[in-house]
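J.: Take a look at the following structure, please.
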Amino acid sequence: MNVEQIVELIQAVSASSVGALNYEEGGVRLSMKKEKNKIKTETVPSSSVQQELEGRKSVTESEQKGSYITSPLVGTFYAAPSENGEPFVQVGDQVCEGTVLGIVEAMKLMNEIESEVHGVIEEILVENGEPVEYGQPLFLVK
């Protein structure tokens, strides 16, 4: 068995669902074992989840006078186009439909968050660099 054949065998095993291979021919002995992808999981006690939910800002009826701009996907929120850049908007800024309010990064893609309404930024509900969930309110516009 030459080097090219060994390389071909390694590639074939890598591309297959075979977990391990032992090969012996003449004076050549070859043993391969693939590592399974390990997925790290974390168990969170239910009391921790409850505390997290209680700690989040609740939407009250008085706040319903405005419109919430929510995250369209799970990712990381950024208030500015670059690390040292000025934020897209600040509390008190006038916005109209299509105004870029921030960015949510997901899987190395930057997704602009645009205003869906005309109004004034009443509150920014997330911090720069904070992880956000799908549907999580990001801005209150009145």
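The values are calculated or read from the model by the stated rules, or taken from the named source; none is laboratory data. Please read these numbers as outputs of a predicted model, since none were measured by experiment. FYI the Cβ positions are ideal-geometry reconstructions off the backbone, even for glycines, and counts take in every protein chain you see.
J.: When you go through Glu97, Glu123, Glu130 one by one, which is the residue that is surrounded by 14 or more Cβ atoms within 10 Å (Cβ to Cβ) and touching a residue at least 12 places away in the same chain (Cβ under 8 Å)?
T.: After ruling out the rest, the residue left standing is Glu123.
J.: Same structure, new question: Check off (1) surrounded by 13 or more Cβ atoms within 10 Å (Cβ to Cβ); (2) modelled with pLDDT of 90 or more for Glu63 and give me the number that stays unchecked.
T.: Of the numbered conditions (1) surrounded by 13 or more Cβ atoms within 10 Å (Cβ to Cβ); (2) modelled with pLDDT of 90 or more, the odd one out for Glu63 is (2).
J.: May I pose another question? Considering every residue within the range 35-52, establish whether at least one is within 17 Å of Gly135 (Cα to Cα), modelled with pLDDT under 80 and loosely packed, with under 10 Cβ neighbours inside 10 Å.
T.: Checked against the condition, which is being within 17 Å of Gly135 (Cα to Cα), modelled with pLDDT under 80 and loosely packed, with under 10 Cβ neighbours inside 10 Å, the range 35-52 yields no hits at all.
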